[in-house]
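**Q** Take a look at the following structure, please.
Nothing in this text is a laboratory measurement; each read-out follows from the coordinates by a stated rule. Since the structure is predicted, the reported quantities are computational estimates derived from the model, not experimental observations. Glycine gets a Cβ as well: all are built from the backbone with ideal geometry, and neighbour counts include every protein chain shown.
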Amino acid sequence: MKHLLGLENLSKEEILSFVEEGEKYREWLDGEYAETRKPLSYLKGKRICLLFYEPSTRTRHSFEIAGRLLGAEVSSFSLAVSSVQKGESFKDTLLTLESIGFDLFVIRHSCSGACLYASNVLQKASVVNAGDGMHEHPTQTLLDLLTIYRAKKTIEGLKMAIVGDILHSRVARSAIFALGKFGWELHICAPPTLLPKDIEKLNVKIFHRLEEAIKDVDIIYMLRIQRERQNEQFFPSIEEYTHLYGLTHQHLSLAPGAMVMHPGPVNRGVEMEGKVVDGEGSFILEQVRNGVAIRMAILHSILGEAR
Ligand code: NCD
């Protein structure tokens, strides 16, 4: 695979192989690496550029650590002090950085399709999508699958509720594309204004009441309200949204033993009560840990020789 642009067109086997490789890296991180603190050298001599046009904490730092742990050189592009501020286009920025000698670009951009565009502009370098507008965030879904696989010992036929701003969420789209391939029952829960048109064609069940959506599911997956992508008002107030869609610890009795997940960043007290974020059923920090492992698997599979 030269690029990882999304999960829509990946096969079940390709997705599974990332999860299995991610599991091996997670074991390495917890075992040999935790003891020796010695990085690997599979990507020695390779150069990775983190090209982020939008803010990020988890995704950016876990790609950085993942690349370094594989022995690659990793540089971070800083939008605020780059020539983009002098008017340089996305295309010219890509061609310039490729000429400097990067082998792979990890790209986050506010435009849906920016990663596909970059893969067409670049002559040799690879592209990994770290979130493009409202389109896809494939590495997030892969790390979520690894988290679920480790907890449930399977990623087949589970039942999950995805709750929140589905309309603007690239995380929801990647999840819906991927989980459908594994025969999941997907409950999508949001106010009608925060659902994409024709979403029911994606083989999901639509709910407008949180209590009904989460009843007896294996996983409750909460999403942040993407205020940065909302140029109009989609609901009367944040307080009303929280009242109707915010997850509280009382809700958890409707789905006993369910995993509670969130891609982060969480707006505590908006989509989720702090007590639930920090609670026993919460896998939020486990998702973050698995982010390093899955990104090692992805970078290795694109840039590395056979192990
Ligand atoms: C997500 C994103 O950027 O799409 N964050 C992440 O990568 N973990 C979700 C979000 O910003 O709400």
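**Q** About its Cα centre, what dipole magnitude does the stretch 123-234 give when the only charges are +1 on Lys and Arg Cβ and -1 on Asp and Glu Cβ, stated in debye to the nearest 20?
**A** 260 debye
**Q** Next question. Largest first and in whole Å, what are the equivalent-ellipsoid semi-axes of the stretch 111-163 based on the Cα gyration tensor, each being the root of 5 times an eigenvalue?
**A** Listed largest to smallest, the semi-axes of the stretch 111-163 are 30, 14, 7 Å.
**Q** Mean-square fluctuation check for the chain, GNM, Cα pairs under 10 Å: which of Arg60, Arg47, Arg229 is largest?
**A** Its mean-square fluctuation being the largest, the pick is Arg229.
**Q** Rounded if a/c is under 1.5, else prolate if a/b beats b/c, else oblate: with a ≥ b ≥ c from the C-alpha gyration tensor eigenvalues square-rooted, which is the stretch 1-95?
**A** Oblate shape, in that a/c is at least 1.5 and b/c is the bigger or equal ratio.
**Q** Now a separate question. Can you list, bin by bin at 5 Å, the percent of alpha carbon pairs in the stretch 94-187, starting at 0?
**A** Spelled out bin by bin, the stretch 94-187 gives 3, 13, 19, 20, 14, 13, 10, 5, 3, 0 percent.
**Q** In addition: How would the stretch 175-254 be classified by its alpha-carbon gyration tensor: rounded, prolate or oblate, with rounded meaning a/c under 1.5 and the a/b versus b/c comparison settling the rest? Please list the in-between numbers first.
**A** Values: a/c = 2.06, a/b = 1.17, b/c = 1.75.
It comes out oblate by the Cα gyration axes.
**Q** Let me ask another. Where does the charge balance sit around Glu280 when Lys and Arg score +1, Asp and Glu -1, over other residues with C-beta under 14 Å from its C-beta?
**A** Summing Lys and Arg as +1 and Asp and Glu as -1 gives -2.
**Q** Sticking with this structure for a sec: Give, rounded to the nearest 20 debye, the magnitude of the charge dipole that the stretch 217-307 has about its Cα centre when Lys and Arg contribute +1 at Cβ and Asp and Glu contribute -1 at Cβ.
**A** Using Cβ point charges on Lys, Arg, Asp and Glu, the stretch 217-307 gives about 320 debye.
**Q** Now a separate question. Find the centroid of the Cα atoms in the stretch 93-165 and in the stretch 16-80, then give the distance between the two in whole Å.
**A** 14 Å
**Q** Give me the Kirkwood hydrodynamic radius of the stretch 205-306, using the inverse of the mean 1/r over all pairs of distinct Cα atoms, in Å to one decimal.
**A** One decimal place: 15.4 Å for the Kirkwood radius.
**Q** Here's a follow-up. Hey, got the Cα dimensions of the chain along the principal axes, in Å, largest first?
**A** 53, 46, 33
**Q** Taking a ≥ b ≥ c as the square roots of the eigenvalues of the Cα gyration tensor of the stretch 1-50, is the shape rounded (a/c under 1.5), prolate (a/b larger than b/c) or oblate?
**A** Verdict is oblate for the stretch 1-50.
**Q** In the neighborhood of Gly246, defined by Cβ-to-Cβ distances under 9 Å, what is the net charge if each Lys or Arg adds +1 and each Asp or Glu adds -1?
**A** With Lys, Arg at +1 and Asp, Glu at -1, the net is -2.
**Q** Collect residues whose amide H, placed 1.01 Å from N in the peptide plane, falls under 5 Å from the amide H of Met272; neighbours closer than 5 in sequence don't count.
**A** Leu247
**Q** What relative contact order, as a whole-number percentage, does the stretch 1-78 give when Cα pairs under 8 Å and 6 or more residues apart are counted?
**A** Relative contact order comes out at 31 percent.
**Q** Okay, helix-only estimate at 222 nm for the chain: each DSSP H run of n ≥ 4 adds -39500 (n - 2.57), divide by all residues, round to 500 deg cm²/dmol; what do you get?
**A** Working: 10 runs with 111 residues, N = 307.
Calculated mean residue ellipticity at 222 nm is -11000 deg cm²/dmol.
**Q** Would you mind checking the pairs Lys24/Lys152; Lys2/Lys44; Lys24/Lys215; Lys12/Lys152; Lys12/Lys201 and listing those with alpha carbons more than 26 angstrom apart?
**A** Lys24/Lys215
**Q** Select from Val217, Val74, Val84 the residue whose mean-square fluctuation is largest in a Gaussian network model of the chain (Cα-Cα springs shorter than 10 Å).
**A** Greatest mean-square fluctuation among the candidates belongs to Val84.
**Q** Still on this structure, please answer the following. Working from Cα positions, state the angle (0 to 90°, nearest 10) between the long axis of helix 138-152 and the longest principal axis of the chain.
**A** So the helix axis and the longest Cα principal axis differ by about 60 degrees.
**Q** Find out how many positive minus negative residues lie around Glu13, taking Lys and Arg as positive, Asp and Glu as negative, among other residues whose Cβ is under 12 Å from that of Glu13.
**A** Net charge in that neighbourhood comes out at 0.
**Q** Select from Glu73, Glu136, Glu35 the residue whose mean-square fluctuation is largest in a Gaussian network model of the chain (Cα-Cα springs shorter than 10 Å).
**A** Glu35
**Q** Still on this structure: Please tell me the relative contact order of the stretch 232-307 in percent, rounded to the nearest whole number, where contacts are Cα pairs under 8 Å and at least six residues apart.
**A** Relative CO of the stretch 232-307 lands at 29 percent.
**Q** Another one. Using Cα atoms only, what is the angle between the long axis of helix 284-303 and the major principal axis of the chain, expressed in degrees (0 to 90) to the nearest 10?
**A** Its long axis makes an angle of about 40 degrees.
**Q** If you take the charge dipole of the stretch 197-307 about its Cα centre, with +1 on Lys and Arg Cβ and -1 on Asp and Glu Cβ, which of Val276, Leu299, Ile206 is farthest toward its positive end?
**A** Towards the positive end, the residue furthest out is Leu299.
**Q** Considering only His61, Leu285, Gly183, whose Cα is most displaced toward the positive end of the charge dipole of the chain, charges sitting on Cβ of Lys, Arg (+1) and Asp, Glu (-1)?
**A** The Cα lying farthest towards the positive end belongs to His61.
**Q** When all alpha-carbon pairs of the stretch 150-196 are counted, what percent fall beyond 12 Å?
**A** Within the stretch 150-196, distances greater than 12 Å cover 62 percent of Cα pairs.
**Q** Which one of His251, His262, Ile148 is farthest out on the positive end of the charge dipole of the stretch 126-282, using unit charges on Cβ (Lys, Arg +1; Asp, Glu -1) and the Cα centre as origin?
**A** In the stretch 126-282, that residue is Ile148.
**Q** For the stretch 101-260, would you read off the P(r) tail past 27 Å as a percentage of all alpha carbon pairs?
**A** Within the stretch 101-260, distances greater than 27 Å cover 29 percent of Cα pairs.
**Q** Please tell me the relative contact order of the chain in percent, rounded to the nearest whole number, where contacts are Cα pairs under 8 Å and at least six residues apart.
**A** Details: 554 pairs, mean separation 66.7, N = 307.
About 22 percent, as a whole number.
**Q** Could you give the angle, 0 to 90 degrees to the nearest 10, between helix 90-100's Cα long axis and the longest principal axis of the Cα atoms of the chain?
**A** Compared with the principal axis, the helix lies near 40 degrees.
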